[in-house]
1. Within the stretch 501-515, find all residues whose amide N lies under 20 Å from a label point positioned 7 Å from the Cα of Gln3 along Cα-to-beta-carbon.
2. Which values of log₁₀ I(q)/I(0), to two decimal places, follow from the Debye formula for the stretch 133-177 at q = 0.18, 0.23 Å⁻¹ with a uniform point scatterer at every Cα?
3. Excluding ligands and nucleic acids, what accessible area in Å² is computed for Ile357 using a 1.4 Å probe, to the nearest 10?
4. Please give the FRET efficiency for Leu583 paired with Asp545, using the beta carbon to beta carbon distance and R0 = 22 Å, rounded to the nearest 0.05.
5. Structure shown: which of Lys120/Lys177; Lys14/Lys114; Lys424/Lys454 lie over 19 Å apart, alpha-carbon to alpha-carbon?
6. Roll a 1.4 Å probe over the protein heavy atoms and report the accessible area of Lys157 in Å², nearest 10.
7. Can you give me the accessible area per residue for the stretch 101-172, using a 1.4 Å probe, in Å²?
8. Average the reciprocal distances over every distinct pair of alpha-carbons in the stretch 304-442, invert the result, and give the Kirkwood radius in Å.
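The values are calculated or read from the model by the stated rules, or taken from the named source; none is laboratory data. What you are looking at is a predicted structure, and each value in this text was computed from that prediction instead of being measured. Note that each Cβ is placed from the backbone with ideal geometry, even for glycine, and that neighbours are counted across all protein chains shown. Protein only, heavy atoms only, side chains kept; ligands, DNA and RNA dropped before computing areas. Shrake-Rupley method; radii C 1.70, N 1.55, O 1.52, S 1.80 Å.
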Amino acid sequence: MKQIVFNELEGEDKFRQALESCARTGGVYHDPKFKPSLYLLYFEPKVKRLDQSLPRIFWLRPGGMRPIEMAYDEKAPVPHGPWVVMREPVAGDITQGILGNCWLLSALVLLVEKPALLEKVLITREFIPQGVYHVRLYKDGRLTSVLVDDQLPCNNKRLLVYSSAKRKQLFVPIIEKAMSRLFGCYESLVAGQTCEGLSALTGFPCRSIRTLAVQRSELGNVGGQPAEGPTTLLEPDFIWAMLLSFQSAGFLMGAGCSCTADTRIPEEEFFQRGLIPQHAYTVLNVVNLPGNVRLLQLRNPWGSQVWTGDWADGSRTWHQAAALRDQLHPWRASEGIFWIGFADFQRYFEKVDVCKIRTGWQELRFEGFFPCSCADLRYLSVFEVQVEEPSTELEITLHQESRRAVSLHKTPLLPICVSIYQLKDVQMKTCGDLVDFSGYKMREFLGCDVMLDKGVYLIAMYAFNHWSTSVATSSSPSSKSSSQKGGAANIRPRFVMSCHSSRPVTINCHCPAATIPGDTLLELVTARGQRTQHDDYVSSYYLTDNWSGMVVVVENHHFSSYLEVIFDASESTNLHSTRGSLLTQDTIPPMSRYSFSCYCLEVITTFYLLSQLVNVFSHMDPSTAYYLTHDMSYRVSGQAAGNHNPDLGTLVPLHSPRSIKK
């Protein structure tokens, strides 16, 4: 594990060398690793070659292309002037093509409103006759320099088939090509979330906030009884206050329009209202007006098809509020821009993606590999954070490898988690009380925001699926585990952790004791889990809130008696245990705390493999409820009647009983 230091000169040197090569040959730049072909377009080019419904692609440079305005009207006047990279772009310039990458374009629209951010992405901002451009993007949390040529995919009418910008600007297709180059092909950009685009373009912490005004059950079945009650949702007033706060802070925001089981709204209603389900929109403005009028201004990256309900262009609500109409200027539907009331926004938009743009903050990044087991001591690590000043705000983001890459698009994301604790013993690197955690979810990245006093803290990360499912990663082909003999070797997935802080902090990486994952996980479960007192001497904790599944911990408070516990989840479906069985039997010594066999929910689809987590019932699809049933029985024994079945083996550091803190 090591700190990441970005070398700005490396990309600049490659750009200069490309120009010098063109000067020597008198030609234009051709990207040697991203040559025009079907392989640049699709994951499976041989299959796509047979699909007659796909347009034939012509790779053209700007001199051979026609401006996008002519796609709508063949007789439209050709925009004056030559092709340029940018000419003071505005949100209405960006137009989505046939590629389903609205998540990226919605993020790019927001950067257009912040020219300084856009300039950090597009290093080459002048038109280069040799056709070479330098772009900087964040891939999996790491800043990367990308060089691309300006051979762009067009149709037989010489129009760009994917994203474009009006007024003969090239910055949109150039950034789009650079992003597709990072992941291997254009098809890798299909589908995503605005926060993913904002993270890739800016590198700042990005979070998603649920906004749906519905009740939803996602706890599944706990203890054999179906959980039919709603999960805790944020109050509308609180959500609105957050949106206003984000707007005031200058944060960037996107919105996800979703037609899922959560909304309980038929898809036809979205289209009737002018909205596109499963589509990403840009939030341009949030306003709180007299009379408790709450409005949001959104943009569809298509540049058309807008909201038709209250506060839409031509809506009667504007005629009833002429002063507001003159103040907000609603007539921008031709650019894909519209106003919508907050109540309707909550009904049709599932979440808001927020990018926390801050200036003057310290930024540190570290990279490493998730260990394959507790015995994989070389890669088992934690971070020690030294905070010197009180009221220091810290944003921690944990990234895993994106599954957009050609080599990874058929493998599942790992459920991951990052948590922060007070450091109890600086010398022994043992954890104290939990400060906060990100939740445990299948996300490309997630994180938490904490306010810290002066002191020393411990950051721990969790990822367990790859311990026995052999999830391969492209960037770590050689780091195979030697802890397993026979069968497939586990692969260590790569991660990047970024820390943004309002005041300077010192972060060091340490190789802790093998028990640290179990110690920190037990602290997390007992701090945030739901406690059940079975009798005067036996208690258990179930962690389900903000955890994709469930973690179970049992405590034996007897001073001299052993506790024999049977944990039975064999009636559950789509579950797998890291101990090799859904039925486990364990003996817990007196005055001990034990973390039981570990399960995860498995959902098998075309692209997803079996998923497995330690001490976790893992829910693969957060948009639908899962059903989990289990039963726990126990008896008190005067002596240790047995050990563990199945045997713990290399899981001893994680599963072994711990002494209860008094």
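1. In the stretch 501-515, the label zone of Gln3 (backbone N under 20 Å from the point 7 Å along Cα→Cβ) covers 501-512.
2. The computed values of log10 I(q)/I(0) come out as -0.60, -0.84.
3. Only protein atoms counted, so the area is about 30 Å².
4. Values: r = 26 Å, r/R0 = 1.20.
It comes out at approximately 0.25.
5. Lys14/Lys114
6. Only protein atoms counted, so the area is about 110 Å².
7. Using a 1.4 Å probe on heavy atoms only, each residue of the stretch 101-172 averages 31 Å².
8. 20.8
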